[in-house]
Amino acid sequence: MEELWVLNGELQEIGAKVANGRRLEREDGIKLFRSKDLLGVGYLADGVRRQRHGNRVCFSVNRHINHTNVCVNRCRFCAFSRPPRHRDAYTLSLEEIEEKVRQAGALGVREIHIVGGLNPELTLPYFLEMLRRVASIVPDATIKALTAVEVDFLARRHDLTVEAVLERLKEAGLNCLPGGGAEVFAPRVRRLVCPGKISGERWLEIHAAAHRMNIKTNATMLYGHVETVDERVDHLLKLRRLQDETGGFLTFVPLAFHPKNTDMEKWNLGQTTGYDDLKTIAAARLLLDNFQNIKAYWVMIGPKVAQVALGFGANDVDGTVMEEKITHSAGGETVQEIARLDMVELISTAGYVPVERDALYNVIREGF
Ligand code: V47
Ligand code: SF4
């Protein structure tokens, strides 16, 4: 990265650190988010991505399953959840879940992503049986299931330790945890947007416990609402610190806030801009120097921005998804599914080599 002349003055110092493989500090992170030089930030992030991944971009043939929308938490940014006994409340039976998995199996699914609300009627045996059945229907697929928030809920429900819950889930077929529920760790933000949710510290503690048990996990950040730039940077640095300790995170997924049908709609925050989506991905790539993968989740930023994000630090576009409720309940306008071949095309027309992966980032197939 010798051509630092392409960078604005404010990014020169950061560019020199990146070029020398030196770790960025909090102040650098704040500068990146505040910079108006999106192309400069993207240029640096793209250099780092290229060093790690060359021309390869991964995706998965995956299926999302949201087993219940019943949730006692009622986060203010969530349009998906319903109180128990609400007329739109639903809980899938194990047979309904089996049917969805069978359909996905016919399409060659290699990643099953299962998350839902905190439904007091669903106990550990429901989840253990669910995992066993999913694993037996699609034995070649990896199962990414239950956020730290759900794991905490089950532990409290059964008066078990987090480790005991994770151990049993793992025995039943769970391979890794998704990154949801992290939101923004700052207590100020949580008080405003999700007062009923576990703290940021607890989220980190549960992921640390999973990592110690050799269960890999993902990490997220819900951005584009009331959080400040400093709070974004502090969130990323907390993830970086835990990753230094455990190395257990597989990927970081920025989640763009969708306001429609949520309690926060009346706050008139609007949607995130393409500019902020790309900047957040690029800043994450630069700050999270110990994360191998940065995901551009097309469901939330749209396939077009996700494709451009591949030049701004992202090396992963998530997957085919097949059915998505959380973003779509909140006004998400993307399609429900991108077929495998369209995913391949999205990656290859941007000049990259598509690599199909599973939830653990094992390579299934490279080059199409
Ligand atoms: O935990 C809820 C967020 C998460 C809204 O780990 C919202 O690979 C935007 O975590 N606008 C669930 N976001 C999704 C998630 C995820 C998705 C894809 C891949 C992975 C992974 C994880 O969505 C929730 C919450 O943080 N969310 N409501 C909303 N209105
Ligand atoms: Fe419940 Fe999750 Fe929605 Fe919060 S984001 S209300 S925990 S389903």
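The values are calculated or read from the model by the stated rules, or taken from the named source; none is laboratory data. None of the values given here were measured: they were computed from a predicted structure. Heads up, the Cβs are rebuilt from the backbone with ideal geometry, glycines too, and the neighbour counts pull from every protein chain shown. Quick note on the areas: whole protein, heavy atoms, side chains included, nothing else; ligands and nucleic acids left out. Shrake-Rupley method; radii C 1.70, N 1.55, O 1.52, S 1.80 Å.
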Filter the range 68-87 for residues that are out of contact with any Cys (no Cβ under 9 Å at 6 or more places or on another chain) and within 16 Å of ligand 1 (Cβ to nearest atom); which is farthest from ARG132 (Cα to Cα)?
ALA79
All positions within the range 324-350 that are within 16 Å of ligand 2 (Cβ to nearest atom) and of a type outside the set (Gly, Ala, Ser):
GLU324, LYS325, ILE326, THR327, HIS328
What's the number of the condition ARG76 fails, among (1) open to solvent by 50 Å² or more (accessible area, probe 1.4 Å); (2) closer than 30 Å to ALA350 by Cα; (3) within 22 Å of the chain's Cα centre (by Cα)?
(2)
LEU278 meets each of (1) within 12 Å of ligand 1 (Cβ to nearest atom); (2) of a type in the set (A, V, I, L, M); (3) closer than 24 Å to ARG26 by Cα with one exception, condition (1)
Determine if the range 276-297 includes at least one residue that is open to solvent by less than 10 Å² (accessible area, probe 1.4 Å), touching a strand residue (DSSP E or B) at 6+ places or on another chain (Cβ under 6 Å) and within 30 Å of GLU99 (Cα to Cα).
yes
Selection count, the range 261-312, where residues are part of a loop (DSSP other than H, G, I, E, B) and either in contact (Cβ under 8 Å) with a residue 12 or more places away in the chain or under 16 Å from the mean Cα position of the chain (by Cα) (or both):
15
Checking GLY224 against (1) touching a Leu at 6+ places or on another chain (Cβ under 8 Å); (2) at negative phi: exactly one of these is not met. Which one?
(2)
Hey, can you tell me all the residues within the range 246-260 that are outside any strand (DSSP E or B), open to solvent by less than 40 Å² (accessible area, probe 1.4 Å) and farther than 23 Å from LEU192 by Cβ?
GLY247, GLY248
Report those helices (runs of 4 or more DSSP H) wholly inside the range 146-245 carrying at least 2 residues which are within 16 Å of ligand 2 (Cβ to nearest atom) and surrounded by 23 or more Cβ atoms within 10 Å (Cβ to Cβ).
148-158, 200-212
Taking the condition part of a loop (DSSP other than H, G, I, E, B), at pLDDT 95 or above and closer than 30 Å to ILE326 by Cβ, does VAL72 pass?
yes
Scan of the range 343-364 for residues that are surrounded by 13 or more Cβ atoms within 10 Å (Cβ to Cβ) and more than 23 Å from GLY247 (Cα to Cα), ordered by number:
MET343, VAL344, GLU345, LEU346, ILE347, SER348, ALA350, TYR352, VAL353, PRO354
Scan the range 328-349 for residues that are in contact with a strand residue (DSSP E or B) (Cβ under 6 Å, 6 or more places away or on another chain) and within 12 Å of TRP298 (Cβ to Cβ) and jot them down.
MET343, ILE347
Cβ contacts < 6 Å: first residue at pLDDT 95 or above, restricted to the range 100-118; second residue part of a helix (DSSP H, G or I) and crowded, with 22+ Cβ neighbours inside 10 Å, any location; separation 6+ or different chain. Result?
VAL101/VAL134; ILE112/VAL134; LEU118/PHE153
Within the range 341-364, residues under 20 Å from the mean Cα position of the chain (by Cα) and not in a strand (DSSP E or B) come out as MET343, LEU346, ILE347, ASP358, ALA359, LEU360, TYR361, ASN362
On the basis of being modelled with pLDDT of 95 or more, in a helix (DSSP H, G or I), closer than 29 Å to THR327 by Cβ and among the hydrophobic types (A, V, I, L, M, F, W, C), does VAL41 make the cut?
yes
For residues that are part of a helix (DSSP H, G or I) and in contact (Cβ under 8 Å) with a residue 60 or more places away in the chain, scanning just the range 49-69, find the one that is most open to solvent (accessible area, probe 1.4 Å).
ARG52
Matching option when the condition is touching a Gly at 6+ places or on another chain (Cβ under 6 Å), away from ligand 2 (no atom under 16 Å from the Cβ) and not in a loop (DSSP other than H, G, I, E, B), among ASP28, ASP46:
ASP46
Please tell me if PHE127 is away from ligand 1 (no atom under 16 Å from the Cβ) and out of contact with any strand residue (DSSP E or B) (no Cβ under 6 Å at 6 or more places or on another chain).
yes
